[in-house]
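*Asks:* Just dropping this structure here.
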């Protein structure tokens, strides 16, 4: 059996903690030693051979996957990491993963956001279902009715699936004996290809020919559930006894941190919040900021350096609408966190204004930025810790803590960490345009 892990989602439901270029599956929030992606990999590696694990992610997240696998000492072959050329929904992601496997075998498909501690129950259900040329889902019992879930009616002759019907109908379906969809799919590769070819023949043909770029240019952007599962008649299903713990929306976030609750059901961190006549709230900040809450119930407050979210805990599905509106206004806070991760390390925007931006760069040992040039800005680098090697117009300069170097607009340059400890640098940008796209790369070992 193969295992296909989906790790390409943009994580809009957990904004502003998660952004397009720092998505939920790779985020480590307070109290979590591992990201959801890492936790999923660690759990499945207990029961699956690493050679049988396939990861589908977006090309923008390639180095998130490589870096986080390295952090937990899990070695999955590079050819098992499948890259989507652009952002599409789960119908494309699952189909791409399926067609990347050449032999006809059975396959279990899961999301990297679904954190199940023990997959034994899942595998037992898989053995019970067996391979019968159908697509099979797994239903679980839950009291947590959220519009993000689909629901299953399990019958001997025909299983019925209804995707994300909304809270009101969700309660009604549970009362009728429906189970909540776990988000996992089990099938045989040939059975999936047959169904895809029936409903999306052009997509199936392009993936069969390995014309991936063309497949991702099709005017199709549907979920697996809406695109296929609601349409097929021979759907199979089984009930399993596990808890859904998707760390990709704030209700699950609240449930995950239940040990942080005070006597009134409020969750907060590091004594940064004070509550008066308030209950069942979630307050999360990474700014070490004191937050006072008076007379509010069932509210989520998410404080980030560049964004603030305040919403009712029962209305979190509308967070995606906020992200959509920000994107329509070309507001980069929809996509980019103040801390952005790169294959060489990370940078954090400390302050910015008209014609200037200040960043903290963290360069990992043995890593280096691309050899690059900017048209519209100059840069002043001050080394805080470690020793930096700055290459400027092909000349090497060693810069130690407290020392600095200036790079004019138009000068080719590179920052390297040739040492064995982390290099931290304060970067001051000055110029008429400070966007991340003002960069010309001449050499880049990361293939960007």
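Values quoted throughout were computed directly from the atomic coordinates according to the rules given, and no laboratory measurement underlies them. Model, not experiment: these values are computed from the prediction.
*Asks:* Report, to the nearest 10°, how far helix 62-71 tilts away from the longest principal axis of the Cα atoms in the chain, using its own Cα long axis and a range of 0 to 90°.
*Replies:* For 62-71 against the chain, the angle is about 90 degrees.
*Asks:* Once the mean 1/r over all distinct Cα pairs of region 188-326 is inverted, what Kirkwood radius in angstroms do you read off? Let's see the in-between values first.
*Replies:* On the way: mean 1/r = 0.0526 Å⁻¹.
Over region 188-326, the inverse of the mean reciprocal pair distance is 19.0 Å.
*Asks:* Determine, at each q value in 0.32 (inverse angstroms), the log₁₀ of I(q)/I(0) that the Debye formula gives when each Cα of region 393-440 is one equal point scatterer.
*Replies:* Scattering profile of region 393-440, log10 relative to I(0): -1.48.
*Asks:* Antiparallel DSSP bridges in region 250-318: what percent, to the nearest 5? Don't skip to the end; give the middle numbers.
*Replies:* Numbers: 7 of 17 bridges.
Taking every DSSP beta bridge with both residues in region 250-318, the antiparallel ones total about 40 percent.
*Asks:* Something else: Divide, for the chain, the radius of gyration over alpha carbons by 2.2 N^0.38 Å, where N is the residue count.
*Replies:* Values: Rg = 23.9 Å, N = 448, 2.2 N^0.38 = 22.4 Å.
Rounded to two decimals, the normalised Rg is 1.07.
*Asks:* Largest first and in whole Å, what are the equivalent-ellipsoid semi-axes of region 321-382 based on the Cα gyration tensor, each being the root of 5 times an eigenvalue? Provide the component values of the computation, followed by the final result.
*Replies:* On the way: eigenvalues 124, 53, 26 Å².
After diagonalising the Cα gyration tensor, the semi-axes are 25, 16, 11 Å.
*Asks:* Return the percentage of antiparallel bridges among DSSP beta bridges fully within the chain, rounded to the nearest 5 %. Working shown, then result.
*Replies:* Values: 68 of 95 bridges.
If we restrict to bridges inside the chain, about 70 percent are antiparallel.
*Asks:* Nearest 10 degrees is fine. How inclined is helix 319-328 to the longest principal axis of the chain, computing both from alpha carbons?
*Replies:* With both axes taken from Cα atoms, the answer is about 50 degrees.
*Asks:* Turning to a different aspect of this structure: Report the Cα centroid-to-centroid distance between region 368-422 and region 277-321 in angstrom, as an integer.
*Replies:* Answer, in whole Å: 40.
*Asks:* Here is a follow-up. How large, in Å, is region 1-115 by the Kirkwood hydrodynamic radius built from its alpha-carbon pairs?
*Replies:* Values: mean 1/r = 0.0704 Å⁻¹.
Result for region 1-115 stands at 14.2 Å.
*Asks:* Which whole number of Å³ per residue matches the convex hull of the alpha-carbon atoms in region 272-379? All intermediate terms of the calculation are to be shown ahead of the outcome.
*Replies:* Details: hull volume 17.0 nm³, N = 108.
Here the figure is 158 Å³ per residue.
*Asks:* Once the Cα atoms of region 339-443 are picked out, what are the Rg and Dmax in Å?
*Replies:* Rg and Dmax of region 339-443, Cα atoms, are 12.6, 37 Å.
*Asks:* As a test of understanding, state the convex hull volume per residue of region 255-334 from its alpha carbons, in Å³. List each step's numbers first, then the result.
*Replies:* Working: hull volume 7.8 nm³, N = 80.
With only Cα atoms used, region 255-334 gives 98 Å³ per residue.
*Asks:* Short version: what are the Cα gyration tensor semi-axes of region 175-226, square root of 5 times each eigenvalue, largest first, in whole Å?
*Replies:* Values: eigenvalues 148, 37, 18 Å².
Whole-Å semi-axes of the equivalent ellipsoid: 27, 14, 9.
*Asks:* To the nearest 10 degrees, how steeply does helix 120-129 sit against the main Cα axis of the chain, on a 0 to 90 scale?
*Replies:* It works out to around 40 degrees.
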